[in-house]
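These notes concern the structure reproduced below.
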């Protein structure tokens, strides 16, 4: 409904900014949280890059995932909440609790405040990380919303953080939620138009490939989806009555190998992707690097695994129609070029 107020947590993040853009386009009023008032200018710059001038339709609130204070004020008067904010550092934390605790406690801070403020529904941004790790579906079938990650397996701190945070959210709704409704979106790797120098781990992956910083490619695969489509799915899950109490995988088509991603960039971007390598790194070399590099160690457990997932539920229930994988990847590269974020463009 036009004019309703929606809180978007983490508006200075890549997906958070795209969610704000989608809401403004649909004539919602938006309030977004930032950890510091200094980040307000960053949000406005990202929205401008996305073609929006929010004017009086956007306001800010200061809140931190680790602190309960600030959240009651942030949700006051809101009809809906999109809880997008969650820690996702490019490196490996010194201790897994540095990721797990903020993700879990942050979700609970937001849910408690939303319940107490009479918010209609919270849409939680979870991840494929809470669905597709630790074990594989039987008979090679694709992962669906029925799947849950096994956090006792060989999984990273980030995977654990998303799994525990989503589990905690569902448990809270069941035990203490009152009239508050919850829907969850579980995206795979999020690509699409970059809005500024501070973007996502997935888009940084494309940036590194286009900068020639990846001379070889590991034998791993993952899902692709455009940030604009993930934001659209958040809005659909926010307002559609059928989305209450449901999870929705956000994935466009089949998973892609890293080599297929590289080939797509070369095909779609031509000379601008001349530094992208399509040479495969031998598994043994990835394993050796993983002994000394914690980030590479996370890849070792995924080497050679043939994974897939389906977004059919969101298409069927909510009318979601995502862009192609190729369009999402091309939009990432084109935006990196446009904003001068590649070494070759500086």
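The values are calculated or read from the model by the stated rules, or taken from the named source; none is laboratory data. In this text the structure is predicted, and so the values were computed from the model without any measurement. Cβ sites come from the backbone with ideal geometry, for glycine too, and all protein chains shown count toward neighbours.
For region 325-336, the count of residues that are in contact with a helix residue (DSSP H, G or I) (Cβ under 9 Å, 6 or more places away or on another chain), surrounded by 18 or more Cβ atoms within 10 Å (Cβ to Cβ), farther than 22 Å from residue 199 by Cβ and at pLDDT 95 or above is zero. With the structure loaded, tell me whether residue 106 is farther than 23 Å from residue 81 by Cα and modelled with pLDDT of 90 or more or whether it fails that test. Criteria not met by residue 106.
I'd like to know if region 259-272 contains one or more residues that are surrounded by 20 or more Cβ atoms within 10 Å (Cβ to Cβ) and not in a helix (DSSP H, G or I). Scanning region 259-272, I find no residue that is surrounded by 20 or more Cβ atoms within 10 Å (Cβ to Cβ) and not in a helix (DSSP H, G or I), so the answer is no. Residues that are surrounded by fewer than 16 Cβ atoms within 10 Å (Cβ to Cβ), more than 17 Å from residue 206 (Cα to Cα) and in contact with a strand residue (DSSP E or B) (Cβ under 6 Å, 6 or more places away or on another chain) do not occur anywhere in region 279-287. Of everything in region 185-201, what is surrounded by fewer than 24 Cβ atoms within 10 Å (Cβ to Cβ) and either under 25 Å from residue 149 (Cβ atoms) or out of contact with any helix residue (DSSP H, G or I) (no Cβ under 8 Å at 6 or more places or on another chain) (or both)? Give them in sequence order. 189, 197, 200, 201 - these are the residues of region 185-201 that are surrounded by fewer than 24 Cβ atoms within 10 Å (Cβ to Cβ) and either under 25 Å from residue 149 (Cβ atoms) or out of contact with any helix residue (DSSP H, G or I) (no Cβ under 8 Å at 6 or more places or on another chain) (or both). Cβ separations smaller than 8 Å between residues 6+ apart or across chains give no pair from region 46-72 residues that are on the phi > 0 side of the Ramachandran plot to residues that are surrounded by fewer than 19 Cβ atoms within 10 Å (Cβ to Cβ) and assigned to a helix (DSSP H, G or I). Scanning region 14-36 for residues that are touching a helix residue (DSSP H, G or I) at 6+ places or on another chain (Cβ under 9 Å) and in a loop (DSSP other than H, G, I, E, B) gives 26, 27, 28.
Here the strands (runs of 3 or more DSSP E) wholly within region 52-165 that include at least 3 residues being crowded, with 18+ Cβ neighbours inside 10 Å and in contact with a helix residue (DSSP H, G or I) (Cβ under 6 Å, 6 or more places away or on another chain) are 80-83, 121-125.
Restricted to region 1-19, and to residues that are over 14 Å from the mean Cα position of the chain (by Cα) and at pLDDT 95 or above, which residue is surrounded by the fewest Cβ atoms within 10 Å (Cβ to Cβ)? If we take residues in region 1-19 being over 14 Å from the mean Cα position of the chain (by Cα) and at pLDDT 95 or above, then 4 is surrounded by the fewest Cβ atoms within 10 Å (Cβ to Cβ). Of 225, 235, all but one fail to be at pLDDT 95 or above, crowded, with 21+ Cβ neighbours inside 10 Å and under 17 Å from the mean Cα position of the chain (by Cα); the exception is 225. Taking first residues from region 25-36 that are under 15 Å from residue 86 (Cα atoms) and partners that are in a loop (DSSP other than H, G, I, E, B), the Cβ contacts under 7 Å between residues at least 6 apart in sequence or on separate chains come to 32/11; 33/10; 33/11; 33/63; 33/85; 34/11; 34/12; 35/64. Taken over region 177-221, residues that are in a loop (DSSP other than H, G, I, E, B), more than 30 Å from residue 116 (Cβ to Cβ) and over 15 Å from the mean Cα position of the chain (by Cα) amount to 11. Within region 78-94, residues that are at negative phi and modelled with pLDDT under 75 have Cβ atoms under 9 Å from residues that are buried (at least 18 other Cβ atoms within 10 Å of the Cβ) and in a loop (DSSP other than H, G, I, E, B) in these pairs: 87/65; 88/13; 88/127; 88/200; 92/156; 93/87, counting only partners at least 6 apart in sequence or on another chain.
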